[in-house]
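A short write-up of the structure that comes next.
The values are calculated or read from the model by the stated rules, or taken from the named source; none is laboratory data. Predicted, not measured: the structure shown is a model, and the values here were computed from it. Quick reminder, even Gly has a Cβ in these numbers, built from the backbone with ideal geometry, and neighbours come from all protein chains shown. These area figures cover heavy atoms from the full protein model, side chains too; ligands, DNA and RNA do not enter into them. Shrake-Rupley method; radii C 1.70, N 1.55, O 1.52, S 1.80 Å.
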Amino acid sequence: MNIIEKTEINLAVIQGCLSKMAIVPGEQGEPVRYTLRAGEERLDLNARLGKPLRLTWTGAIACTHCGRATKKSFAQGHCYPCFKKLAQCDTCIMKPETCHFFAGTCREPEWGERHCFQPHVVYLANSSGLKVGITRGTQVPTRWLDQGAIQALPILQVETRQQSGFVEMLFKEEVADRTNWRAMLKGEIEPLDLCAERDRLLARLEGGLANLHERFGAEAIQVLEASPMAFDYPVLEFPRKIVSHNFDKNPVVAGTLLGLKGQYLILDSGVINLRKFTGYEVAVA
Ligand SMILES: [Zn+2]
């Protein structure tokens, strides 16, 4: 093989460990923009719509925190020691109401101060119907795009992650907190009037919110006057039947790229949640 041919092949293939896709809102009515990230390499996925795409797992997984090779990925891309040691992998991140910082048992108190003792937003979103969720203020709108929400509305701002957990627990009495990812990927989601839903829920949960105000102070939980946002995803064709690819079962994922929604690639051969495979080393062509 001569040098020119080698160069052409290098241009066509990128290789590295997967991070979650970078997703940003489109400008002026354009669909959301997706960038695949493999190590230092970047690939504009919107430009690949309607074209063949092939991802091949090399068999290697590197911990996204320490870089160590790991046979298995824990908590979306961590090695086992990091999974057991890092505050971001603790169960209180998924269930913020169980925050144990004040018991003196936070795995990394400084990390907790930087990430959990920061303003959080409680939002309503429409990913597969109405849901409630929480996120750090700085993670808006990334969080909604990662979930494949077609609409989102911030409704409350709270002082800490733990408070957001208590508020979410309250809202869960009335509304889902999960996305049905199969429904999200099929794309038959009816738009909702999120402002009307907010007003309905705030009225219905008035008593519970008053209790939280009493516990944390009137300033701690504030109603936001935000406008709803809407997102249009780059999808040529939604799948009628959902078949999932999984690198652990078949290291080659190939097909024509039909769409991008949430952290999923939609191929004519099936769908894959790339976030689930964070840290997996892949070659992309
Ligand atoms: Zn690690």
**Q.** C-alpha center-to-center spacing [region 107-128, region 148-173] in angstrom
**A.** 10 Å
Q. Residues with beta-carbon under 9 Å from that of Lys85, excluding Lys85: net charge, scoring Lys, Arg +1 and Asp, Glu -1?
A. +1
Q.
Cβ neighbours within 10 Å, averaged per peptide: list 156-164, 114-122, 36-44 in order, most packed at the top.
A. 156-164, 114-122, 36-44
Q. Among Asn246, Ala75, Phe171, whose Cα sits farthest toward the positive end of the charge dipole of the chain (+1 at Cβ of Lys/Arg, -1 at Cβ of Asp/Glu, about the Cα centre)?
A. Asn246
Q: Treating only the Cβ atoms of Lys and Arg (+1) and Asp and Glu (-1) as charged, compute the dipole magnitude of the chain about its Cα centre; round to the nearest 20 debye.
A: 1180 debye
Q: Would you mind checking which residues have amide H under 5 Å from Ala75's amide H? H placed 1.01 Å from N; only 5 or more apart, or other chain.
A: none
Q: Work through the residues other than Phe117 whose Cβ is under 9 Å from its Cβ and net out their charges, Lys, Arg +1 and Asp, Glu -1.
A: 0
Q) Per-residue ellipticity at 222 nm for the chain, helices alone: DSSP H runs ≥ 4 residues times -39500 (n - 2.57), over residue total, nearest 500 deg cm²/dmol? A) -7000 deg cm²/dmol
**Q.** Radius of gyration and Dmax over the Cα atoms of region 118-230, both given in Å
**A.** 13.5, 43
Q. Which of the aspartates and glutamates could a cross-linker span from Lys20 if the Cα-Cα distance has to be under 16 Å and same-chain partners fewer than 8 positions apart are dropped?
A. Glu40, Glu41, Asp44, Asp146, Glu281
(Q) How large a share of the accessible area of region 118-230, in percent, is made up of carbon and sulfur atoms when the probe is 1.4 Å and the other protein chains stay in place? (A) 46 percent
Q) In region 236-268, what trypsin sites (Lys or Arg not before Pro) fall in a loop by DSSP, with at most 10 other Cβ atoms inside 10 Å? A) Arg240, Lys241, Lys249
Q. When the Karplus curve 6.51 cos²θ - 1.76 cosθ + 1.60 is applied with θ = phi - 60°, which whole-Hz ³J(HN,Hα) does each residue of region 206-217 get, with x for Gly and Pro?
A. 3, x, x, 5, 4, 4, 5, 4, 5, 6, 10, x
Q: Keeping all protein chains in place, calculate the accessible area per residue for the chain (probe 1.4 angstrom), answer in Å².
A: 53 Å²
Q.
How would the chain be classified by its alpha-carbon gyration tensor: rounded, prolate or oblate, with rounded meaning a/c under 1.5 and the a/b versus b/c comparison settling the rest?
A. oblate
Q. In square angstrom, rounded to the nearest 10, how much accessible surface does Met169 have for a 1.4 Å probe?
A. 90 Å²
Q. For region 154-168, in order, what is each residue's ³J(HN,Hα) by Karplus, 6.51 cos²θ - 1.76 cosθ + 1.60 with θ = phi - 60°, in whole Hz (x at glycine and Pro)?
A. x, 10, 9, 10, 10, 7, 9, 5, 4, 4, 4, x, 5, 5, 5
Q) Can you give the Rg to Rh ratio for region 63-163, taking only C-alpha atoms and Rh from Kirkwood? A) 1.01
**Q.** Whole-number percent relative contact order across the chain, with pairs defined as alpha carbons under 8 Å at least 6 apart
**A.** 28 percent
